[in-house]
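Visitor: Pasting a structure here, questions to come.
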Amino acid sequence: MSIDPQTLLDWFDANARDLPWRHADCTPWGVLVSEIMLQQTPVARVLPVWRQWMERWPKPADLAAASQGEVLRAWGKLGYPRRALRLHTAANTIVAEHGGEVPADVDTLLSLPGIGAYTARAVAAFAYGRRAPVVDTNVRRVVARAVHGAAEAGPPSTKRDLDDVEALLPDGPDEARAARFSAALMELGALVCIARKPRCDDCPLFADCAWQKAGRPAYTGPTRPTQRYSGTDRHVRGLLLDVLRGTTGPVEKAQLDLAWPKAGQRDACLASLLSDGLVEQTADGRFALPGEH
């Protein structure tokens, strides 16, 4: 089964969210920043931070000129702060090797530090209108249901997933139409074909959906355990970074110790932050964001 491109595109035209990185005046750099920020982070949390970043650093050269500490502080509570450092490193490479312009083709985008298969294809498609299969969790779920008749996509497989979506992209020389189809497929998974309680009555693919035709069978494959956050190492790392973001210079270890009561876990998380380059230790034994001492 295939998905009728025009049906999905008509739905997208009528229902797509008005997001600033989709506007015609958004630069490829703005799209790249949005894609990095949106990884594992909801749109509602990304929107205000993205706007602040684009006002402060509208071009790769602007971000490249900032210190790592400034970048981490501006990242705030988006989570997974290594993304901020990867984006900073990518900006430096874009300036040094690409004249300050975000590359347009997938292979060159993949050569940028910290840019993986999904992000490279998303930027090529959404910033430059290139024909490229873009696969995220939402897309995999739509394909699983509408094409394969399964309730869930199961474990990811990069080649299989890319091949599935590549086969669905509309044929013809109009690459921009294929790029918009990719965006529509993702939007359908985000708004209608959601993981729990999918809004099937509102789905433009309802009549031809393989999962509906099969009687909406339950998923029987392997599942991932529900991830908790409170008390995890990621939580503690965030608390330690919050202390440093709330200061203007290095702090004593005793100040970091107040962030979390379990000394063993706290010290292990601090060590991992040092190893990841998210925190630096000064010559006198204090701690700071990188470049801020």
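Visitor: Within region 207-254, take every residue that is under 22 Å from residue 141 (Cβ atoms) and within 25 Å of the chain's Cα centre (by Cα) and give me the one that is surrounded by the most Cβ atoms within 10 Å (Cβ to Cβ).
Guide: Step by step, filter region 207-254, then rank; the result is 223.
Visitor: While we're looking at this one, here's another question. Looking only at residues in region 266-293 that are over 28 Å from the mean Cα position of the chain (by Cα) and surrounded by 14 or more Cβ atoms within 10 Å (Cβ to Cβ), which one is farthest from residue 67 (Cα to Cα)?
Guide: Here the residue is 267.
Visitor: Just give me the residues in region 95-114 being free of Cβ contacts under 8 Å to residues at least 60 places away in the same chain and aliphatic (A, V, I, L, M), in sequence order.
Guide: Across region 95-114, the qualifying residues are 95, 96, 106, 109, 110, 112.
Visitor: Also, quick follow-up: Residues to consider are 198, 204; find the one that is part of a loop (DSSP other than H, G, I, E, B), more than 23 Å from the chain's Cα centre (by Cα) and either closer than 30 Å to residue 135 by Cβ or not hydrophobic (A, V, I, L, M, F, W, C) (or both).
Guide: The unique qualifying residue is 204.
Visitor: So is residue 64 buried (at least 18 other Cβ atoms within 10 Å of the Cβ) and more than 23 Å from residue 136 (Cβ to Cβ) or not?
Guide: Considered against the rule, which asks whether it is buried (at least 18 other Cβ atoms within 10 Å of the Cβ) and more than 23 Å from residue 136 (Cβ to Cβ), residue 64 comes out as yes.
Visitor: What number goes with the only condition from (1) touching a helix residue (DSSP H, G or I) at 6+ places or on another chain (Cβ under 9 Å); (2) at positive phi that residue 197 does not pass?
Guide: (1)
Visitor: Are there any pairs with C-beta distances below 6 angstrom linking a residue in region 54-68 that is closer than 19 Å to residue 289 by Cα to a residue that is at pLDDT below 95 and small (Gly, Ala, Ser), with the two at least 6 apart or on different chains, and if so which?
Guide: Sorted first by the residue in region 54-68, then by its partner, the pairs are 67/291; 68/291.
Visitor: Look through region 56-104, keep the residues that are of a type in the set (Lys, Arg) and assigned to a helix (DSSP H, G or I), and return whichever of them is farthest from residue 126 (Cα to Cα).
Guide: 73
Visitor: Note down all Cβ pairs under 7 Å where the first residue falls in region 160-185 and is assigned to a helix (DSSP H, G or I), the second is of a type in the set (D, E, K, R), and they're at least six residues apart or on different chains.
Guide: That search, which allows pairs on different chains as well, returns 161/140; 175/130; 175/131; 178/131; 179/130; 179/131.
The values are calculated or read from the model by the stated rules, or taken from the named source; none is laboratory data. Everything numeric in this text was worked out from a predicted model, so none of it was measured. Glycine also receives a Cβ, built like all others from the backbone with ideal geometry; neighbour counts cover every protein chain displayed.
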